[in-house]
Amino acid sequence: LAKSRAHLERAVELNPYSWRYRRELARLYEQAGLLEDAEAAFSRAVEMNPRSGSYRWRLANFYLRSGSLDRALVQVKAAVAADPKLLPAAAGLLLKSGASSQQILELWPDDPAAWRELLLTASRLPASRAAISEIRQAAWQRSLAAPEPLPLADGWVTIERLITEGRALEARRKWGELADRNAMGDAELEAERTWVWNGAFERPLTRLGLGWQVGSRGGGLEVSRVDGAGVDGSAALQIAFDGSQNLSFLGVRQHLVVKPDRVYRFSCRMRSEELSTDQGAFWEVVDPGENRIVLATPRVVGSTPWTVYGGTFRLAEGSSRVLLRLSRSPSLRFEPRLQGTLWIDSVRLEEGDS
């Protein structure tokens, strides 16, 4: 370090306008424990290149390492103003630095993209400090109020974190706010007349979150929402099986946030056309907390008109989530591959009599 210091100090004498030299000298001073000299060198580098966000960023980090939070916050604010690309790093740095929610919110740029970045960063961290939870809520409100709707995928990061923290009912409320903001609200769900979001398939498929998640493993089917294919000309979910797979995973599911220790009544309408093999499609309701299937409907095979399928079950005390999924048991026949078409409409989960 002594030899390096001598050469760097000489380099600065020979070229006093090189902020890069001063930055390196500042790092060396800090390693050597010469904090006053390090601060002076970092500050001089910033003075020589004041429009560089990266140099202010380095000075801010130096202040944090030195325990000077207030001085670091000033430099972080200037750094992100000069270089917005630093926003993700700034959000993570401040949330882990011990800064209060008020300190972070006061210096954060008043820009929708900046608030969204803060929301995403705060939502990826556990709410181990009150500041993180408070910042999440503030960033959520600001992001929802932005002129452009908060994308479902970005909002889902916050909602998913709430679910993992055991705050399922709060997660469902936020899902309702997010869906409303994206013109995809479900009044029946919000009024708790049903616990299935978009059960009539009148809205587009979200394919994430607390909406319908659709996806197959290895192909063998195509899932789509079709206008006019449902009961009385409404929309319906259409699943076309191409006869190439002996399927057990049909790729249609939804996570529901419900009230524990209640009786529920599940119902849906399905019709089929030339569904092959002895094993057709059926619905399962799963209690993930107890890892058990609480309801399974009869199987749909062959060609059938619109028919109501369903049943009732009681959710265990302490269980606030269920998984609704479309399933099929693999066929053991000589020709087990599934082909044909299935239509689904009017999927509902309602509270029943105790």
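The values are calculated or read from the model by the stated rules, or taken from the named source; none is laboratory data. Remember, predicted model here, so these are calculated numbers, not experimental data. FYI the Cβ positions are ideal-geometry reconstructions off the backbone, even for glycines, and counts take in every protein chain you see. With ligands, DNA and RNA removed, areas are computed over all heavy atoms of the protein, side chains included. Shrake-Rupley method; radii C 1.70, N 1.55, O 1.52, S 1.80 Å.
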Can you tell me which lysines have their Cα less than 23 Å from the Cα of LYS77? Leave out same-chain residues fewer than eight positions away. LYS85, LYS96
Please determine, in degrees from 0 to 90 and to the nearest 10, the orientation of helix 87-97 with respect to the longest principal axis defined by the Cα atoms of the chain, where the helix direction is its Cα long axis. 80
Would you mind computing, in nm to one decimal, how far apart the modelled labels at ARG333 and ALA153 are, each placed 7 Å from Cα along Cα→Cβ? 4.1
Report THR297's accessible area, 1.4 Å probe, all protein chains in place, as a number in Å² to the nearest 10. 10
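By how many nm would the segment from ARG5 to ALA146 lengthen if fully extended, with 0.36 nm per residue of separation less the alpha-carbon distance? Before the final figure, lay out each step's value.
Numbers: separation 141, 0.36 × 141 = 50.76 nm, distance 5.04 nm.
That works out to 45.7 nm of additional length.
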At q = 0.23 Å⁻¹, what is the base-10 log of I(q)/I(0) for segment 117-161 according to the Debye formula with one equal point scatterer per Cα and no solvent? Please give it to two decimals. -0.72
Loop only per DSSP, at most 12 neighbouring Cβ atoms within 10 Å: give me the trypsin sites (Lys or Arg not before Pro) in segment 41-92, ordered by residue number. ARG51
Give me the one-decimal nm value for the distance between modelled label points at THR312 and ILE293, 7 Å along each residue's Cα-to-Cβ direction. 2.2
D_trans [Stokes-Einstein, Kirkwood Rh over alpha-carbon pairs] for segment 1-47, 37 °C, 0.692 mPa s, µm² s⁻¹: 323
Give, to the nearest whole percent, the P(r) tail of segment 285-354 beyond 14 angstrom, counting all Cα pairs. 69
Ratio of the Cα radius of gyration of segment 69-131 to 2.2 N^0.38 Å, where N counts its residues: 1.01
Please compute the alpha carbon radius of gyration of segment 50-104, then divide it by the globular-protein estimate 2.2 N^0.38 Å. Two decimals is fine. 0.99
Hey, if you drop one equal point scatterer on each alpha-carbon of segment 164-245 and run the Debye formula without solvent, what base-10 log of I(q)/I(0) do you get at q = 0.14, 0.19, 0.22 Å⁻¹? -0.58, -0.92, -1.08
Fully extended contour minus Cα-Cα distance, from ASP70 to ARG262, at 0.36 nm per residue: 64.0 nm
Mean 1/r over all different Cα pairs, inverted: what Kirkwood radius does segment 79-170 give, in Å? 13.2
Taking the alpha carbon gyration tensor of the chain, what are the square roots of 5 times its eigenvalues, largest first, to the nearest whole Å? 57, 22, 18
Would you please name the trypsin sites (Lys or Arg not before Pro) within segment 136-242 that are DSSP coil residues with at most 13 other C-beta atoms within 10 Å of their C-beta? ARG193, ARG207, ARG217
Only residues of segment 291-327 count here: report those whose backbone N is under 13 Å from the spot 7 Å along Cα→Cβ of LEU169, or say none. 318-321
Extension gain from ALA187 to GLU274, taking 0.36 nm per residue of separation minus the Cα-Cα distance: 27.8 nm
Take the alpha-carbon positions of segment 131-212, form their convex hull, and give its projected area averaged over all directions (one quarter of the hull surface) in nm². 5.4
List the lysines whose alpha-carbon lies under 21 Å from that of LYS174, not counting same-chain residues fewer than 8 positions away? LYS259
How much net charge surrounds ALA296 when only the other residues with a Cβ under 12 Å from the Cβ of ALA296 are counted, with Lys and Arg +1 and Asp and Glu -1? +3
Please report the net charge: other residues with Cβ closer than 15 Å to the Cβ of ALA316, K and R +1, D and E -1. +1
In Å³ and rounded to a whole number, note down the convex hull volume per residue for the Cα atoms of segment 213-322. 116
I want to check the label-to-label distance for ARG20 and ASP227. Put each point 7 Å from Cα in the C-beta direction and report it in nm to one decimal. 5.9
So for segment 1-126, Kirkwood radius off the Cα pairs, Stokes-Einstein at 10 °C and 1.306 mPa s: how many µm² s⁻¹? 103
